[in-house]
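Novice: Dumping the structure here so I can ask a few things about it.
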Amino acid sequence: MKHRAVKRRSVVLGIGATAGVAAAGGFALSAQASGGSGARASGASGALAFDKDAYTELTTTITDAAGDEHEVKYHFYKAITYVTKPVDEKYQSLNVSVPVEIDGKAVDATGAPILLANSVGGYMPSSVAEATGVGGGEMTGGPGGGATGGASASPSTSASASSGTGTGGVQSGGNAMVNAQGEMVNLGKLALVTGYVVVEPGARGRTLVDSDGTYYGTAPAAIVDLKAAVRYVRANKGRIPGNTDRIVSSGTSAGGALSALLGASGDSPLYDTYLKELGAADASDAVFASGDWCPITDLEHADMAYEWNWGANKLSSGSLVDRTVSKELSTAFADYQASLKLRAKGFGTVTARNLDEYLMKTYLEPSATKYLAALSDSARATYLAANTFITWSGGKATFSWADFLTHVGARKKDTPAFDAFDLSSGENNLFGTGTTKARHFTLYSLRHEGSASARLPGDLPGKIDLMNPMHFIAKRNPARSKHWWIRVGTKDSDTSLTVVGNLALSLENLGDDVDAFMYWDGAHGSNEDPADFMAWIAKVTGYKKRSAK
């Protein structure tokens, strides 16, 4: 049953006027009605014209990053289909939340930054269609299933089907971020209580399969959908609340990778065919800034990087991984690292020979120093007594790379960490096609399991590029974001720490504004400075709050 969009201050039970039934997945959700008359923003027409009157007014209590509660009244626009020819509207829709009153004081969000908060985890599908308010996006479709929908994945679900979350880790992606106290962090809610406009897009993911057994959410579906969502927002400049020229993306794990990819690939023509097929708006898909937590990215080099970083660490079972495979991959990483030609002050060219020292001096020791400095004298003494590998002198922490690896302990993943020999990883599924659920996407794994002269299928190199922000950074994409917030925990072995190190340094080498940090002893999904991120958004976007008239 379809419902018409209901005007202001009414509960929006349905999803608007008809835009067509989903071509796959069997969902008959539909786009928000354009409604009313008047001028439309350039690029937005028909079903893609945002109806500013089709909202529900909601009031909720949100705890900010400092732990203070606030009553927030906001306008909630539910499940707007952001393309005219959707494959599956359950996933290709977005929610918009606009603050109008905080603690009884009116808010004017006309020029506020827009946080585009994706809830992708594990490259699986994410949906906002059932959300009842801000921060309700969820990752759906567990790693082993082909269900089109279903409940959120359990907290034990990790970014790759080949791994577990590990001690202190959280569900990969979605809204599963935790602060230093182990409390959940929801960036959508924090942005709303800060006075920003929040857009939460759904996106197709790797586990989606139709009744004919065709996988319709494999690469590059997720990034194409997020780009289409950005285009919808930008096409509705002057209609949708907030500053559409100041969109800041955010995401965690695979969602962090997609946020980085949004930032790096803005307006790349390589996606045009895919976007046209969906009927995306004729507008820019560049975002102003990118917030990326523990990004699972640079997948074609991730197996090599993982062994270079964590190859000496045992599995949780206490056993070492295959030493021959680990050494071969680690050795191959040296060639990749050299090909990046990255330079850092005080280090010269950063190669596999000095990368450990670079990570130590740039991230790990400063992170430990900040952590220890914030402790009371007694708490610091207790921590240092339990971690004697750290030398604490002159208010600074120093230690060796080998001791750091021992401190981290068990690695999360076997080898190869991403392109599993038995095609069991989530990333193998990500690069599946048609009725083929999973494929190898590196020559190393492909040839290990087959002929030494085997070649990747012809479509894969292009799809791999479309999923990797490093490809667009190497091309110096002029429409990329110029402002970056990048975070990962030092105990996060869901991927190599070099992924964050190389991503940040590549952007710094281009002259971009990069705020990168590693949380000491942080696990996968750590977000220990969300208040700083909110302040950073205001700083880089030049936003100053103004009172409503």
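The values are calculated or read from the model by the stated rules, or taken from the named source; none is laboratory data. Keep in mind that what you see is a predicted model, and the values were worked out from it rather than measured. Cβ atoms come from the backbone with ideal geometry, glycine included; neighbour counts cover every protein chain shown. Accessible surface areas use protein heavy atoms only, side chains included; no ligands, DNA or RNA. Shrake-Rupley method; radii C 1.70, N 1.55, O 1.52, S 1.80 Å.
Novice: Against the empirical 2.2 N^0.38 Å scaling, what ratio does the C-alpha Rg of segment 231-321 come to? Could you put the intermediate results ahead of the total?
Specialist: Numbers: Rg = 18.3 Å, N = 91, 2.2 N^0.38 = 12.2 Å.
Rounded to two decimals, the normalised Rg is 1.50.
Novice: Working with all protein chains in place, sort Glu449, Glu427 by solvent-accessible area computed with a 1.4 Å probe, largest first. Don't skip to the end; give the middle numbers.
Specialist: On the way: Glu449 100, Glu427 0 Å².
Of Glu449, Glu427, the descending order of accessible area is Glu449, Glu427.
Novice: Let me ask something else about it. Give me the Å³ per residue figure for the convex hull around the C-alpha atoms of segment 411-542. Kindly include the intermediate steps, with their values, before the conclusion.
Specialist: Numbers: hull volume 19.5 nm³, N = 132.
Normalising the Cα hull of segment 411-542 by residue number yields 148 Å³.
Novice: Also, quick follow-up: Of all the accessible heavy-atom surface of segment 188-286, with the other protein chains kept in place and a 1.4 Å probe, what percent is carbon and sulfur? Can you show the working numbers first?
Specialist: Values: 1000 of 2300 Å².
Ligands and nucleic acids excluded, carbon and sulfur reach 44 percent.
Novice: Here's another thing I want to ask about it. Among 210-216, 66-72, what's the highest-first ranking by average C-beta atoms within 10 angstrom per residue? All intermediate terms of the calculation are to be shown ahead of the outcome.
Specialist: Numbers: 210-216: 15.4, 66-72: 12.7.
Top to bottom by mean Cβ count within 10 Å: 210-216, 66-72.
Novice: Project the alpha carbons of segment 480-549 onto their principal axes and report the range along each, largest first, in whole Å.
Specialist: 50, 27, 15
Novice: Using only alpha carbons, build the gyration tensor for segment 312-369 and give me the equivalent ellipsoid semi-axes, biggest first, whole Å.
Specialist: Values: eigenvalues 130, 69, 7 Å².
Those come to 25, 19, 6 Å.
Novice: Taking Rh as the Kirkwood radius, which is the inverse of the mean 1/r over Cα pairs, what is the Rg/Rh value for segment 170-291?
Specialist: 0.99
Novice: Given a Förster distance of 30 angstrom, what is the FRET efficiency for Asp108 paired with Leu510, based on the Cβ-Cβ distance and rounded to 0.05?
Specialist: Values: r = 35 Å, r/R0 = 1.18.
FRET efficiency, Asp108 to Leu510: 0.25.
Novice: Continuing with this model, one more query. Starting from the Cα-Cα distance between Asp245 and Glu57, subtract it from 0.36 nm times their residue separation and give me the gain in nm to one decimal. Show your work: numbers first, answer last.
Specialist: Values: separation 188, 0.36 × 188 = 67.68 nm, distance 2.54 nm.
Net length gain for the segment: 65.1 nm.
Novice: Quick one: which residues, 5+ away or cross-chain, put their amide H under 5 Å from the amide H of Ile486? H built at 1.01 Å from N.
Specialist: Result for Ile486 returns Asp292, Asp515, Ala516, Phe517.
Novice: Taking amide H positions as placed 1.01 Å from N in the peptide plane, with prolines and chain starts having none, which residues 5 or more places from Thr207, or on another chain, fall under 5 Å of its amide H?
Specialist: none
Novice: To the nearest 10 Å², what's Leu278's accessible area with a 1.4 Å probe?
Specialist: Surface accessible to solvent at Leu278 totals approximately 10 Å².
Novice: Determine how large the accessible area of Met184 is when every protein chain is in place; take a 1.4 Å probe and give Å² rounded to the nearest 10.
Specialist: Accessible surface of Met184 is approximately 130 Å².
Novice: DSSP loop trypsin sites (Lys or Arg not before Pro) in segment 441-496 with at most 11 other Cβ atoms within 10 Å of their Cβ, which ones?
Specialist: On the way: sites: Arg447, Arg455, Lys463, Lys475, Arg476, Arg480, Lys482, Arg487, Lys491; in loops: Arg455, Lys475, Arg476, Arg480, Lys482, Lys491.
Filter output for segment 441-496: Arg455, Arg476.
Novice: Given C-alpha coordinates of segment 49-97, what is the ratio Rg to Rh with the Kirkwood estimate of Rh?
Specialist: Details: Rg = 14.5 Å, Rh = 12.8 Å.
We get a ratio of 1.14 for segment 49-97.
Novice: As a test of reading the structure, rank Arg239, Arg353, Arg206 by solvent-accessible area (1.4 Å probe, protein chains only), most first. Working shown, then result.
Specialist: Numbers: Arg239 45, Arg353 220, Arg206 0 Å².
Largest to smallest exposure gives the sequence Arg353, Arg239, Arg206.
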